[in-house]
Amino acid sequence: MSGYGGDEARLDGLLLQALRLDGEERERFLAELRGSDADAHGKLLALIELAERPLALLETARSDRADALAALSERVAADDAHSGRRIGSWRLLRQVGRGGMGSVYEVAREDGVFVQKAALKLIRSDYAAPDFLARFSLERQILATLNHAGIAHLLDGGETEAGDPYLVMEYVDGVRIDAWCDERQLDLDARLALFLQVAEAVDHAHARRVVHRDLKPSNIAVTGDGQVKLLDFGIGKVLDADGAAERGERTATQLFTPDYATPEQVLGRSAGVPSDIYQLGLLLYELITGQHAQQPADVTQASLERAVCRDDPPLPSAAAAAAPPP
């Protein structure tokens with residue numbers, strides 16, 4: 001392709017907007033775009049998948065955008081076809097989320113023994129390590145020790161007939177933590193109280209040598225009674241393609257969201273307890289200021305390193321004074 005600008009520059013701007021949204025907010029944003037520009041909508045869906053993939057794959061895909069966009073658009077369009085299927089002991093009821101590495105469904109257990117509602121994360125096979133099932137069997141024993149009110153429990157897992165891995169977790173009927181705070185116009189003390197719940201849950205996991213690696217508002221829900229629930233705890237390690245986080249090796253296959261990336265993730269290094277603590281800081285900054293602490297200009301390696309590893313965000317007091325949370 002010749003050059004990089006015009007429509008592509010507009011798409012990158014839309015991409016950055018979309019990456020800063022999750023759940024219903026992102027769906028509304030995409031629905032509005034689909035109504036006004038269906039072509040851009042389809043391309044943006046594919047770019048979101050690229051942006052939420054490992055950075056090395058993102059850079060490779062950018063060199064041949066047209067082919068990557070076409071292939072990824074087909075995968076995104078196929079996601080909805082899973083509703084109504086049975087996977088293992090679980091019947092897929094409805095899709096409740098979609099991201100770069102797969103889709104999340106509300107499911108019901110149908111094995112004639114238990115009646116149970118849960119959330120099933122159907123993972124694309126190209127995201128899982130070749131020895132995913134063996135690793136999952138071992139890691140599930142560790143994750144099962146996370147018996148804490150603030151952590152959603154891992155219930156089951158396996159592989160579909162098509163070879164796509166899946167994980168089944170406790171179904172959490174809640175609102176993401178930032179939306180909970182904003183919708184209720186919580187004051188600083190109430191926001192700090194919720195953050196302390198998050199920190200206590202993370203501390204419980206760290207005491208059992210389990211790290212999250214992807215702490216961000218969309219992975220933290222608040223239930224109707226005000227209980228924080230952390231989602232997807234430990235899944236990053238299960239999906240790690242080469243166990244590098246365990247061995248402290250450099251890896252290019254880490255999964256992360258640009259606004260919540262840690263220096264270790266951007267630089268391809270081991271993401272452990274320090275990464276979780278760093279992301280707790282990003283979460284606290286956002287809850288008390290209503291803004292992201294780090295806002296990369298785009299999703300290139302240079303921009304990510306500058307925003308995450310070198311630039312200092314405004315002091316929270318200054319950021320909150322300039323644009324206090326709603």
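A short reminder: the numbers here are calculations on the coordinates, not readings from a lab. Just so we're clear, the structure is a prediction, and the values are computed from it rather than from any experiment. Positions of Cβ are backbone-derived with ideal geometry, glycine not excepted, and every protein chain shown enters the neighbour counts.
Please name which of PRO274, ALA302, THR223 has its Cα lying farthest along the dipole of segment 174-322 towards the positive end, using unit charges on Cβ (Lys, Arg +1; Asp, Glu -1) and the Cα centre as origin.
PRO274
When ASP311, ASP182 are ordered from fewest to most other Cβ atoms inside 10 Å of their Cβ, what list results? Kindly include the intermediate steps, with their values, before the conclusion.
Values: ASP311 12, ASP182 16.
Arranged by neighbour count, lowest to highest, ASP311, ASP182 become ASP311, ASP182.
Return the FRET efficiency for the residue pair ALA190, GLU170: r is the Cβ-Cβ distance, R0 is 22 Å, and the value is rounded to the nearest 0.05.
Rounded to the nearest 0.05, the efficiency is 0.30.
Kindly state, as a whole number, the per residue volume in cubic angstrom of the convex hull around the alpha carbon atoms of segment 174-322.
112 Å³
Under 17 Å from a point 7 Å along the Cα-to-Cβ line of THR223: which residues of segment 151-191 have their amide N that close?
Residues 151-155, 169-177, 180 qualify, since their backbone N sits under 17 Å from the label point.
With Cβ to Cβ distances under 15 Å as the rule, what net charge do the other residues near GLN291 carry (K, R +1; D, E -1)?
Its environment carries a net charge of -3.
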